[in-house]
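What follows is a single structure, written as structure tokens, with notes after it.
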Amino acid sequence: MQKEIQLTNGVKLAYVEEGAGETVVLLHGFCGSSRYWDKLIPLLSRTHRVLAVDLRGHGHSAAPDEPYSMEQFAEDIALWAEAAGLAKFHLFGHSLGGYVTLAFAEKHADKLASFGLIHSTPFPDDEAAKANRNKGADSIRENGMEPFIKALVPKLFAPDHVASLTQEVQTAKDIGFATSPVGAIQTLYAMRDRPDRNRVLQDTALPVLLVAGAKDQIIPVEKTFTVERSHVVHRLLPDAGHMGMLEAPEQLSEAIADFVGKNSKSAPSA
């Protein structure tokens, strides 16, 4: 069910909600939206209450023309969760959504039962990546979203899936084409300027799920599996690239459901 909330900071966030049970919140990646989760939500909502948010600048949410930051994205989610009446919940972020998840966990750990990164990383951009963010912003400013998205989306999928998952690739393109150019540009700068958050993973007492795609061309496995601790779970999707929710939705749903089940309020004590 599509819903929206006007936050106290003036930003409108749109989201979808399905199912009942332990609450799982999903945050999409750059130039995505809650539609990224269309294959996963029907699977996960069989046993969980699932809420998928459109981050500011994306989907049906507002796209204010002002500087964004990971901290501001996270504060949006905190205000949204409060307005939606959420108590403790499990937060999972894909790519950009993972950067937001780490910023949220850093400041609002008390609101979380667990969190996870899906095809994401705690590392900041290196100088080459920062330069590419600037080039991307310039491209969108000069030529609009379409050429930028056409160049980006094929890289998000495992190479063999570009031909075999044509519908999923087109869906990702269509979502990207609909992204606000202002929102995309401001988000590129926010990703460029995000800090190193490895210490969030190293220091947290919360259960953590790290999901990587073996064929990810954007974030290699070693940049996701950065921490080895007893309460940090690694799950590798062997055939997926950067888009496990579209490339391997059953495997990703199982990974999330299994992890949440073991770290839910009703889970038996170890």
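For the stretch 229-254, the candidate set comprises residues that are at pLDDT 95 or above and closer than 24 Å to residue 199 by Cα; within that set, the residue that is surrounded by the most Cβ atoms within 10 Å (Cβ to Cβ) is 242. Annotation note: Cβ proximity below 7 Å between a residue of the stretch 185-196 that is within 16 Å of residue 140 (Cα to Cα) and a residue that is small (Gly, Ala, Ser) (sequence gap 6+ or interchain) occurs for 185/137; 186/57; 187/57; 188/136; 188/137; 189/137; 190/69.
Residue-wise test of (1) open to solvent by less than 30 Å² (accessible area, probe 1.4 Å); (2) charged (D, E, K, R); (3) modelled with pLDDT under 95; (4) outside any helix (DSSP H, G or I).
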site	(1), (2), (3), (4)
59	no, no, no, yes
68	yes, no, no, yes
75	no, yes, no, no
81	yes, no, no, no
87	no, no, yes, yes
92	yes, no, no, yes
101	yes, no, no, no
105	yes, no, no, no
117	yes, no, no, yes
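Quick check on residue 206: is it surrounded by 15 or more Cβ atoms within 10 Å (Cβ to Cβ) and in a helix (DSSP H, G or I)? Taking the combined requirement at face value, the residue does not satisfy it. For the stretch 161-179, taking the residues that are in contact (Cβ under 8 Å) with a residue 40 or more places away in the chain and not hydrophobic (A, V, I, L, M, F, W, C), the one that is farthest from residue 242 (Cα to Cα) is identified as 179. Which residues, counting only those in the stretch 154-173, are farther than 12 Å from residue 30 by Cβ and either open to solvent by less than 70 Å² (accessible area, probe 1.4 Å) or modelled with pLDDT under 95 (or both)? Passing the criteria: 154, 157, 158, 161, 162, 165, 168, 169, 171, 173.
Look at the stretch 126-144: where a residue is within 12 Å of residue 191 (Cα to Cα) and assigned to a helix (DSSP H, G or I) and a partner is open to solvent by less than 40 Å² (accessible area, probe 1.4 Å) and of a type in the set (D, E, K, R), sitting 6+ places away or on another chain with Cβ atoms under 7 Å, you get 133/125.
All of (1) assigned to a loop (DSSP other than H, G, I, E, B); (2) among the small types (Gly, Ala, Ser); (3) buried (at least 20 other Cβ atoms within 10 Å of the Cβ) hold for residue 212 with one exception: (1). Restricted to the stretch 215-228, and to residues there that are part of a helix (DSSP H, G or I) and in contact with a strand residue (DSSP E or B) (Cβ under 6 Å, 6 or more places away or on another chain), the residue that is most open to solvent (accessible area, probe 1.4 Å) is 221. The set of residues in the stretch 139-170 being of a type in the set (Val, Ile, Thr) and over 17 Å from the mean Cα position of the chain (by Cα) consists of 140, 149, 162, 166, 169.
The values are calculated or read from the model by the stated rules, or taken from the named source; none is laboratory data. No experiment lies behind these values; they were computed from the predicted model shown. Using ideal geometry, Cβ is built from the backbone for each residue, glycine included, and neighbour counts are taken over all protein chains shown. Each accessible area value is taken on the protein alone, full model and side chains, heavy atoms only, with ligands, DNA and RNA left out. Shrake-Rupley method; radii C 1.70, N 1.55, O 1.52, S 1.80 Å.
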